[in-house]
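Trainee: Have a look at the structure that comes next, please.
The values are calculated or read from the model by the stated rules, or taken from the named source; none is laboratory data. Since this is a predicted model, take the numbers as computed values, not measurements. Note that each Cβ is placed from the backbone with ideal geometry, even for glycine, and that neighbours are counted across all protein chains shown.
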Amino acid sequence: MEGAPVIVEPPSPDGGRRVTIRGEVVGTAYHLLDVVELLRRQGLPETDTTLDDPDLIEWRGGGPDAWTAAE
């Protein structure tokens, strides 16, 4: 596999982050629990320890703590 299967895009002006899983946009997350729910719906692990696993998730424009757009 090339790259992480989950991509979390940088925060938009409204704070939402588009989430792509295996090349398919699956939704917009507004906080970390939204990412967990999107992972669960797609059958991926939902434990907190996997959220910072670079083999699972590529966080673009900030990590799991970034939920506001850069100014």
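Trainee: Restricting the first residue to the stretch 50-71 and requiring it to be under 10 Å from Val6 (Cα atoms), which pairs with a second residue that is at pLDDT below 90 and among the polar types (S, T, N, Q) meet a Cβ separation below 8 Å and a spacing of at least six or different chains?
Mentor: Pairs that qualify, where the first residue is under 10 Å from Val6 (Cα atoms) and the partner is at pLDDT below 90 and among the polar types (S, T, N, Q), are Leu56/Thr50; Ile57/Thr50.
Trainee: Out of Arg22, Arg17, I need the residue that is touching a Pro at 6+ places or on another chain (Cβ under 6 Å) and within 19 Å of Thr68 (Cβ to Cβ). Which one?
Mentor: Going through Arg22, Arg17 in turn, just one is touching a Pro at 6+ places or on another chain (Cβ under 6 Å) and within 19 Å of Thr68 (Cβ to Cβ): Arg17.
Trainee: Which one is surrounded by the fewest Cβ atoms within 10 Å (Cβ to Cβ) among residues in the stretch 1-33 that are under 15 Å from Leu51 (Cα atoms) and charged (D, E, K, R)?
Mentor: Across the stretch 1-33, the extreme among qualifying residues is Glu9.
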